[in-house]
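The values are calculated or read from the model by the stated rules, or taken from the named source; none is laboratory data. The structure displayed is predicted, hence computed values, not measured ones. Every residue, glycine among them, receives a Cβ derived from its backbone with ideal geometry; neighbour counts consider all protein chains shown.
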2 protein chains.
Amino acid sequence: MKIQQITKEVSIKRSVDSGTEEQRKTVQQIIRTVREQGDQALFDYTKQFDQVELTSLKVTQEEIDQAYENMKQEHIDIIKEAAANIRKFHEKQLRETWLYADQHGSVLGQKMTPLDSVGVYVPGGTAAYPSSVLMNVMPAKVAGVKRIAMVSPPGKTTSLPDGVLVAANEAGVKEIWKVGGSQAVAALAYGTETIRPVDKIVGPGNIYVALAKREVFGDIDIDMIAGPSEITILADETAIPRELAADLLSQAEHDMRASSVLVTTSQNIAEQTAIEVERQLADLPRYEIAKQSIENYGAIYVADNLFQALDVVNQLAPEHLEVMTKNPFEIVKHIRHAGAIFLGRYSSEPVGDYFAGPNHVLPTNGTARFSSPLSVDDFMKKSSIIAYSEEALQRNYEKIAAFARLEGLEAHARAVEARFK
Amino acid sequence: MKIQQITKEVSIKRSVDSGTEEQRKTVQQIIRTVREQGDQALFDYTKQFDQVELTSLKVTQEEIDQAYENMKQEHIDIIKEAAANIRKFHEKQLRETWLYADQHGSVLGQKMTPLDSVGVYVPGGTAAYPSSVLMNVMPAKVAGVKRIAMVSPPGKTTSLPDGVLVAANEAGVKEIWKVGGSQAVAALAYGTETIRPVDKIVGPGNIYVALAKREVFGDIDIDMIAGPSEITILADETAIPRELAADLLSQAEHDMRASSVLVTTSQNIAEQTAIEVERQLADLPRYEIAKQSIENYGAIYVADNLFQALDVVNQLAPEHLEVMTKNPFEIVKHIRHAGAIFLGRYSSEPVGDYFAGPNHVLPTNGTARFSSPLSVDDFMKKSSIIAYSEEALQRNYEKIAAFARLEGLEAHARAVEARFK
């Protein structure tokens, strides 16, 4: 890894894959076909794209039972414990309807309501992560969403991976469909004979899934389109290079376009970590991916002091930020932009990826400047409540009418006046 | 207004104006030019589109002082009082950073941070509403956003409307630029010599503004793209037709594509209200607009009972919902989808448009199924906090490593193991 002094501005922007014109047209065509032909289109596309011939789209109870039998009990128990931790953390996010008595007997407030229905997309193949199922489903469940419909492309066995089914069941999903790609997004957005439409779709997917989500956005809601993953570690001279390197590599193994950055106040830590990265990289199973990631999007910055280092961190606005300094809690107030903040030596990033409880769906590519981790908020909506009293309107209707007329809206003025004239 | 019995499904979807290919290309060209030429492009486009030749983009203190002198004191006082009410309501939305001690000495939580900077777009001409300035700026101000940059196209006087300047000043805006259209959005998103870039742009605008917001979305955040306004009134036999009609018309006068719907359990109320609408419509200054709106997007539905009526309301998911029934508070729990809910006879919709405190920027066109009023939440972001203790990691690292290996991510497993091996 190259060690660099900090120059003026630091940023690791990777262009977002927004698809080719041809891909967009393909996706639009698939959506149209699903809207016209319903289930038949889903069977056809699944045969075409997944090379699987299905007779039914729905995952059965038998398949779920089979997944439990196939899985080691140890793994089932870990998924259960992770699910419980995630539930606990997200329950703290729950907000209730509130009201207050305003002047003259009026009541104002905000009603919190869960979305009616949510679709969760789960990728197939090597990206079929049980942890991702838990992280996407659990906030919806905690929010109180009544209907959660999961979709995922079937493998050659005509079923879904055991881990995905077990995680879905532990998270409380009752409705799982064997369909992936743009066609799954179209089915969730507009409905077919068997799949009813949902109000929002969340979950990661390939470019066709991302493009389909963009297409249906507006008719229904979607979550953010995630970019490649990234970590920034802020370390002083007390950090341990072997551990820093291991954490940087845990990010790098995700994706050739993942980014791993160390910002340190110590030239020695910088040098030792660079050596450790090379050493540990050598025998990683995903060597080729991690190597490309480190070479193209890895960096070590040496800062003169913690404030300069923090400035770099805030410029990067990383998805994951580890703070490996003597007093990590004192650093928090200076961090303006980060998806998740890991404090201290024992908060290695995988702790958050799998187990601690906070969500691992986080804002990437600098969007932590304005975006947040997936949360219960994403599955609830608010409605304002206004119950004006007679006295309040009596005292204020002339002002309201005057304001309306100032804006040239006479009927607005007359509406409030109608109560008293 | 036509009175209809309720058939199976009710929905008033209006197609969203997503612009022509030519408009999109124009907007892309304008954005490119602003990025290349900076301020000069802003001066040039302002001359071209607004027919105004400026020597400086910035609104001066003298112009703000002049606006106060031009305005009636009565109007200034009303704006001040509305601003205070809006501030009070939005302060109730403020959420603080929270932490809790998890098992074995770990600490988990969520850090709340305001966005660094926000741009507020204010349309020109007849749509330059002071109320809209208050509603868009105040939640950002309450959230703690340090920098709020307002943009608006200059009128022939080379300045902005008095009401806009007074409202901006009362809301606490310190930075106002005389520039509108796509070029203003581009300047806010990417910066020029004088206008620094922001993290998010909010506020309504014409199709060029909407298209520009869509273009820059991803690089920065934007608010929702609002459709035409709408009201649904749920009324039983206790409601007063003259008042219902006045409220329906206050919505209809906004826009030819605005929608005003009455859902009532009383045939008599339906008939009387239809007559009242015709009568009151006749002498409205915005007669032509309101008439078109009522004819094309107005409807009166008669329901057999309150539950059927509520079902219609939830299908419509209206932006504004008035509940004009005997016991409006008892209805609230049955309302699943509405932007703002107005309860009782004295909660005429203009009360919320101008004065009560809740935001008037609300989800339109059925998106209340999944969207919320503009709020303080829209100007803050969350960061997860994970401070795992040595004991917690010691107890759990083998499980975390096993989960990582289940997903084929060896470097993740090694990262947590590195702390103990």
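Couple of notes before you dig in:
- B:Ala258 in the same structural domain as B:His320 (by TED's automatic domain parsing), at pLDDT 95 or above and in contact with a strand residue (DSSP E or B) (Cβ under 9 Å, 6 or more places away or on another chain): no
- Filtering the range A:302-350 to residues that are touching a helix residue (DSSP H, G or I) at 6+ places or on another chain (Cβ under 7 Å), in a helix (DSSP H, G or I) and of a type in the set (D, E, K, R) leaves only A:Glu349.
- Residue count for the range A:325-342, restricted to those that are out of contact with any Gly (no Cβ under 8 Å at 6 or more places or on another chain) and surrounded by fewer than 24 Cβ atoms within 10 Å (Cβ to Cβ): 11
- Cβ-Cβ contacts under 8 Å between residues 6 or more apart (or on different chains), taken from a first residue in the range B:399-411 that is more than 7 Å from every other protein chain (Cβ to nearest Cβ) to a second residue that is β-branched (Val, Ile, Thr) and crowded, with 21+ Cβ neighbours inside 10 Å, are listed as B:Ala401/B:Val416.
- Some residue of the range B:241-256 being touching a Gly at 6+ places or on another chain (Cβ under 8 Å) and not polar (S, T, N, Q): yes
- The range A:1-58, residues that are within 17 Å of A:Val216 (Cα to Cα) and among the β-branched types (Val, Ile, Thr): A:Thr26, A:Val27, A:Ile30, A:Ile31, A:Thr33, A:Val34
- Filter result (within 16 Å of B:Met380 (Cα to Cα) and among the hydrophobic types (A, V, I, L, M, F, W, C)) within the range B:85-111: B:Leu94, B:Trp98
- Which listed residue is within 30 Å of B:Ile79 (Cα to Cα) and facing chain A (nearest Cβ under 7 Å), from B:Ile385, B:Ile341: B:Ile341
- Test: residue in the range A:369-376 that is under 30 Å from B:Phe403 (Cβ atoms) and touching a Ser or Thr at 6+ places or on another chain (Cβ under 6 Å): yes
- Scanning the range A:164-188 for residues that are farther than 20 Å from A:Thr126 by Cβ and either without any contact (Cβ under 8 Å) to a residue 40 or more places away in the chain or not in a helix (DSSP H, G or I) (or both) returns A:Gly172, A:Val173, A:Lys174, A:Glu175, A:Trp177.
- Any hit, the range A:289-302, residues being buried (at least 18 other Cβ atoms within 10 Å of the Cβ) and within 18 Å of the chain's Cα centre (by Cα): no
- Looking at the range A:52-127, the strands (runs of 3 or more DSSP E) lying wholly inside it that each contain 2 or more residues that are surrounded by 15 or more Cβ atoms within 10 Å (Cβ to Cβ), assigned by TED's automatic domain parsing to the domain that holds A:Lys174 and touching an Asp or Glu at 6+ places or on another chain (Cβ under 8 Å) sit at A:107-114, A:117-121.
- For the range B:128-151, a residue qualifies if it is among the small types (Gly, Ala, Ser), touching a residue at least 40 places away in the same chain (Cβ under 8 Å) and in a loop (DSSP other than H, G, I, E, B), and exactly one does: B:Gly144.
- When the range A:221-248 is filtered for residues that are touching a Pro at 6+ places or on another chain (Cβ under 7 Å), within 12 Å of chain B (Cβ to nearest Cβ) and modelled with pLDDT of 95 or more, only A:Ile231 remains.
- Some residue of the range A:227-237 being over 23 Å from the mean Cα position of the chain (by Cα) and either closer than 18 Å to A:Val351 by Cβ or in a helix (DSSP H, G or I) (or both): yes
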